[in-house]
Amino acid sequence: MKREGHYTTKEIEEDLKKNPEKGSGSHLLKWVGGVVMAGLMVLWLVPYYGIPWHPEPSGVPSFDMFRNYSVEANPGVASDIVLYRKFVTPSDPVIKQAANIVVQSCPGDKVCYAKALFYFVRDGLQYVNDPLGTEYVEPAREVLQIGAGDCESGSILLASLLEAVGIDAQLVFIQGHAYVRVMLPEAPKTVKEDGWIYLDWTCSNCGFGELSPNTRKKERSFLEV
């Protein structure tokens, strides 16, 4: 049963055809009011469901910019994941300067910072395997200068750059692989898993906050850096 005072759009259109003089009357006002209410609902739902609104970085530099930085080769051999922590060096002046250069297009937005640094490493760092049977780990500065490394070395560089601009980062280890996750409370829910944003620089097809299905399903260990 239709409630009194409620009309469908079709009923309003038919009534207007029969009585054109009502076009500026109550029926038209009811219809306009309905449209306005629908618009307000959309505006309310958009921020609730976390549609991204953070700016995108632009002009992310390449690794060529940092190849002339002076470094001392100092690789180590890691047999325990805790040892990786010493290679994450956000306070290194070279790392801090590089991070600031990469994020310079972002207007003080940490989500934009994280995207810029992730794209920088994902798109610019060349993946190179360690010698068979040996797990060499380079300091972040050396990885930056060489422009190449395996999954652990690239993740150490990415974590160092993120920490250098004030973003809480952790190294993530699974069987035979390593990547990074970051804590950004202000980021949209659509890029989070359990409150964290996961970043795998070795996955060229993965966007910000995405992991490949094979990587996502594996058991993880985490290291605060």
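Summary of computed values
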quantity: Boolean, LEU211 is modelled with pLDDT of 95 or more and assigned to a helix (DSSP H, G or I); calculated: no
quantity: Identity of the residue in region 183-199, assigned to a loop (DSSP other than H, G, I, E, B) and touching a residue at least 40 places away in the same chain (Cβ under 8 Å), that ends up farthest from THR89 (Cα to Cα); calculated: PRO188
quantity: Test for ASN205: is it within 19 Å of GLU56 (Cα to Cα) and free of Cβ contacts under 8 Å to residues at least 12 places away in the same chain; calculated: yes
quantity: Where ALA169 falls short, out of the listed (1) modelled with pLDDT under 90; (2) under 15 Å from the mean Cα position of the chain (by Cα); calculated: (1)
quantity: Matching residues, region 102-130, being among the hydrophobic types (A, V, I, L, M, F, W, C) and either surrounded by fewer than 13 Cβ atoms within 10 Å (Cβ to Cβ) or outside the structural domain of ARG181 (by TED's automatic domain parsing) (or both); calculated: VAL128
quantity: Pairs, first in a helix (DSSP H, G or I) in region 145-157, second of a type in the set (Phe, Trp, Tyr) and surrounded by fewer than 24 Cβ atoms within 10 Å (Cβ to Cβ), C-beta under 6 Å, six or more apart; calculated: GLN145/TYR69
quantity: Test result for SER160, in the same structural domain as GLY207 (by TED's automatic domain parsing), in a loop (DSSP other than H, G, I, E, B) and closer than 17 Å to PRO61 by Cβ; calculated: no
quantity: Residue within region 124-133 that is of a type outside the set (Val, Ile, Thr), assigned to a helix (DSSP H, G or I) and under 30 Å from ASP64 (Cα atoms) present; calculated: yes
quantity: Residue satisfying all of: in region 62-101; within 27 Å of the chain's Cα centre (by Cα) and modelled with pLDDT under 80; surrounded by the fewest Cβ atoms within 10 Å (Cβ to Cβ) among these; calculated: ASP64
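The values are calculated or read from the model by the stated rules, or taken from the named source; none is laboratory data. Since this is a predicted model, take the numbers as computed values, not measurements. Virtual Cβ from ideal backbone geometry, glycine too; neighbours counted across all protein chains shown.
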